[in-house]
Amino acid sequence: DFGHTGFSIDDLPLRDDLRGQAPYGAPQLTVKAVLNTNENPYPPSPELVEAIGRAAAEAAVGLNRYPDREATALRQALADYLGHGVDAANVWAANGSNEILQQILQAFGGPGHKALGFEPSYSMHPIIARGTATEWVSVPRTADFDVDADAAVAAVKEHEPSVVFLTSPNNPTGTALPLATVEAIAAAAPGVVVVDEAYAEFRREGTPSALSLLRTYPNVIVSRTMSKAFAMAGVRLGYLAAHPAVVDALQLVRLPYHLSTVTQAVALTALRYADELLSAVATLRAERDALVDWLRAHGFEVADSDANFVLFGRFPDRSAVFQHLLDQGVLIREVGPPEWLRVTVGTPEEMAIFREALLTATGRA
Ligand code: PMP
């Protein structure tokens, strides 16, 4: 500790608005069933591992040079994947969608600006707002975790936020928003509306993506990630689709060469295996629906889910249930509204372990 034993964070010239705050910190534990961060449980196939290795080796030859600052090839491949008439000029990529969201707040938020979100929702939205010194306005969701369109429009008109966050499907509740709600908010918002679609590929039949609104609403930004459906959480590749003017604005705040040559090469390779990677999504959606049915059949309350996780309850002492599960090697997430817990959909084997452990933890075994 360099001998300065009495020295702590309190002795640093930390920004006043960061004092006493807690960092994001989902536990990273080695247990039987890791079901706490909405990762995809299926690792890349041996063929894809090989292809990624080759791509990384080819990229390594040029590592004395900075990467393509514009990530041209990758943005084109992402645009092709999205469809909806999206072009490379509409796409921007960064190290995870968290960095995408941070760049959006750096460009459009900051001191004197507000970001507004509908909670419970993704805990990083207010944390990234804090990091960029953007005032956070929290508007409550309805009792069934929906966003009331009229109340949302009223809140947007009252607070005039530079950035509105709509998470659909929402984390941690799994709730997807009707397009009409997104549209009403986009029409009323004085600034940009970020539709965080990190879990888009897991939506149930008939739930639309906000991609179809991009042509009509130049203030809509759709944020996506390769961390979930693409099973590439370790790569750190998030991206957005928006009007090219939004992409221009983000150039003002992005660090030059932020996306490494290796990241770009690996992400491009994964996109070439999109069909293979996304084939597991159908399996996970079916496993999710079966989990919802099973939980309801056992008397638990369950929020409808369009994502790869399920929010369930209610537990007067949810910490006790969480700990009971962990004692049996099952790591889930204590997050969201009190009395509820969130579990990520894993493999059939992991879900069997979870179900058995939950029955024991809740005295139903
Ligand atoms: N948005 C939502 C709603 C999320 O749940 C997550 C990950 N938990 C992210 C964004 C960020 O994911 P990543 O940075 O890995 O793209």
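Could you work out the local net charge near Ala200, counting Lys and Arg as +1, Asp and Glu as -1, over the other residues with Cβ closer than 13 Å to its Cβ?
Charge balance near Ala200 sits at +1.
For the chain, set up a Gaussian network in which alpha carbons nearer than 10 Å are linked by springs, and say which option among Val220, Val163, Val86 fluctuates the most.
Of Val220, Val163, Val86, the Gaussian network model singles out Val86 as fluctuating most.
Please build a GNM for the chain, connecting alpha carbons under 10 Å apart, and tell me which residue among Arg355, Arg203, Arg288 fluctuates the most.
Arg355
Sort the following peptides by mean Cβ neighbour count (other Cβ atoms within 10 Å, averaged over residues), highest first: 228-237, 135-144, 164-173.
Output ranking for 228-237, 135-144, 164-173: 164-173, 228-237, 135-144.
Give me a comma-separated list of calculated 3J(HN,Hα) values for the stretch 142-147, in order, Karplus coefficients 6.51, -1.76, 1.60 applied at θ = phi - 60°, integers in Hz, x for any Gly or Pro.
Once θ is set to phi - 60°, the couplings for the stretch 142-147 become 6, 4, 9, 6, 8, 9 Hz.
Can you give me the C-alpha center-to-center distance between the stretch 70-119 and the stretch 206-257, rounded to a whole angstrom?
4
List Glu205, Glu50 from most exposed to least, where exposure is judged by having the fewest other Cβ atoms within 10 Å.
Final ranking by Cβ density, sparse to dense: Glu205, Glu50.
Projecting each Cα onto the charge dipole of the chain (Lys/Arg +1, Asp/Glu -1 at the beta carbon, about the Cα centre), which of Ala59, Thr360, Gln106 comes out farthest on the positive side?
Ala59
Please state the charge dipole magnitude for the chain, taken about the Cα centre, from unit charges on C-beta atoms (+1 on K and R, -1 on D and E), reported in debye and rounded to the nearest 20.
The calculated dipole for the chain is roughly 340 debye.
Going by amide H atoms built from the backbone, whose H comes under 5 Å of the H on Thr225, apart from near neighbours?
The answer is Tyr239.
Which lysines have a Cα less than 22 Å from the Cα of Lys114, not counting those fewer than 8 places away in the same chain?
Lys114 reaches Lys157.
Over the chain, with a Gaussian network built from C-alpha contacts below 10 Å, which listed residue (Leu18, Leu326, Leu211) shows the highest mean-square fluctuation?
For the chain, modelled as a Gaussian network with Cα springs under 10 Å, the answer is Leu18.
For the stretch 72-77, just list the computed ³J(HN,Hα) in residue order, Karplus coefficients 6.51, -1.76 and 1.60, θ = phi - 60°, integers in Hz, with x standing in for Gly and Pro.
Working through the residues one at a time gives 4, 5, 5, 5, 5, 5 Hz.
Which value at 222 nm does the chain reach when only helices count, each DSSP H run of 4 or more adding -39,500 (n - 2.57), with the total divided by all residues and rounded to the nearest 500 deg cm²/dmol?
-11500 deg cm²/dmol, from helical runs alone.
Return the Rg/Rh ratio of the stretch 47-272 with Cα-based radii and a Kirkwood Rh.
My calculation of the ratio gives 0.98.
Which percent, to the nearest 5, of DSSP beta bridges fully inside the chain are antiparallel?
45
Can you run phi through the Karplus equation (6.51, -1.76, 1.60; θ = phi - 60°) for the stretch 171-182 and list ³J(HN,Hα) in whole Hz, with x for Gly and Pro?
Residue by residue, the stretch 171-182 yields 9, x, 8, x, 6, 9, 9, x, 4, 4, 5, 4 Hz.
Quick note: the coordinates plus some simple rules give every number you see, no bench work behind them. A quick note: this is a predicted structure, and the numbers were derived from the prediction, not measured. Cβ coordinates were reconstructed from backbone atoms using ideal geometry, including for glycine residues, and neighbour counts include every protein chain displayed.
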